[in-house]
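Values in this text are rule-based calculations from the coordinates and carry no lab data. Bear in mind that the values here come from a model prediction, so they are computed numbers and not experimental data. Cβ atoms come from the backbone with ideal geometry, glycine included; neighbour counts cover every protein chain shown.
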Amino acid sequence: MALLFLVSRSFPGFRLPLRVQTLSDNTGAEAGSNKLFTTSFPQCLFVEKLCLLAACTCTEMDVSHIPGADNEEADALSSIRSTCAEDHIMMEPAEIDVLKAFLHPEVVMFEFGAGGSTVAFSELVKELYVAEHTPVGPKRPAWMLVLKGNQFRVKERCDARGIRNVHLLSALPNRSALEQMGATDCGILRPQLVFDKADPLRKTYGPNLDPKWRDASPAQREAVFKDYLKLIQEANQSRFDVVLIDGRVRGECALAALPYVDERSVVIIHDWFLEEWGYEFRPDGTQDLSKPVKVAPRGTLKSYRRVLDFYDILCRVSPETHPVRCSCAGLVVLRKKMQSSA
């Protein structure tokens, strides 16, 4: 595809069709590129882009086979480490692979929830707007000082690496709306609690262990994160190519993104298959520490199920579909139903 793109840029506006010859040691890629058809994911996404580029530039690819032992240039390129700093992304390999399939230098992306993915994926896209439910700078209310997560390091890491295409946006949760609901503030106004000290970053739990929050109405949840959900408006973009949801109230975030996505956009919700372990909160706010409980997979919760009224699932990564490279969290890639309205 890179060769095809370079040819189209070298001969802009030409009228005669061109055939570009290239070599491949991968028989699947060779067949898909020549036939311009495959049902295999994510190769089908590559073939789709190749079809569009070939049609727009009147250029045809002619891919021939080369034995792997003779394909020295391709081997040298594949041995180069990706510029995407995957070490700091709180995702598993299969999740990262699928997400990166939708990222390229022309993508305008929005992300609910800052973290390692913000820094890593910013290097793969044109612009990245990020929403956080805690202030991204040093000025924040005294009752928020306890929150010192990844979001406060994102700006420093972007500045240190000279990244200029990340736009950080933040909005505090509505404390009075949460108090009126009577649900726990764990994971909302204060950090999530650690369930397994052997893995204190990944194995934590928050408000989903409180039935008051888990079973709250959409209006109640939206009232707490009203300003946070509106941050996508502040980006002043008419549409986004990719929306990654990896922060708070993820179901509500998907609905908030509806006016800013179309039939070519994808919305990706991380942790769709996560089964959260923790100690349940009692009605009085205390916890039952006698035995841990496991919450049903997030995708089965009411706030997540509502999303599928407006989106279709394009593909999914789960412990069932990718048992080796995805152990617990997973994700779904969604596309807006065209009959849906914001």
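A simple rule links phi to the HN-Hα coupling: the Karplus curve 6.51 cos²θ - 1.76 cosθ + 1.60 with θ = phi - 60°, which for the stretch 261-271 gives 10, 9, 5, 9, 8, 10, 10, 10, 10, 7, 6 Hz, with x for Gly and Pro. If R0 is taken as 56 Å, the Cβ-Cβ distance between residue 179 and residue 46 corresponds to a FRET efficiency of 0.65. Each Lys and Arg contributes +1 and each Asp and Glu -1, all at the Cβ; summed about the Cα centre of the stretch 86-336, the dipole is approximately 420 debye. A protection proxy built from the mean count of other Cβ atoms within 10 Å ranks the segments 326-339, 193-206, most packed first, as 326-339, 193-206. Rg/Rh, computed from the Cα trace of the stretch 86-336 with Rh as the Kirkwood radius, has the value 0.94.
Label point 7 Å out from residue 193 along Cα-to-Cβ: which residues of the stretch 268-310 have amide N under 13 Å? It comes to 277-294, nothing else. Rounded to whole numbers, the Karplus 3J(HN,Hα) couplings from phi for the stretch 235-251 are 5, 6, 10, 6, 8, 10, 6, 9, 10, 9, 10, 9, x, 8, 5, 5, x Hz, using 6.51 cos²θ - 1.76 cosθ + 1.60 with θ = phi - 60°, and x at Gly and Pro. Farthest towards the positive end of the charge dipole of the stretch 86-336, among the residues 235, 162, 287, is the Cα of 287, using unit charges on the Cβ of Lys, Arg, Asp and Glu.
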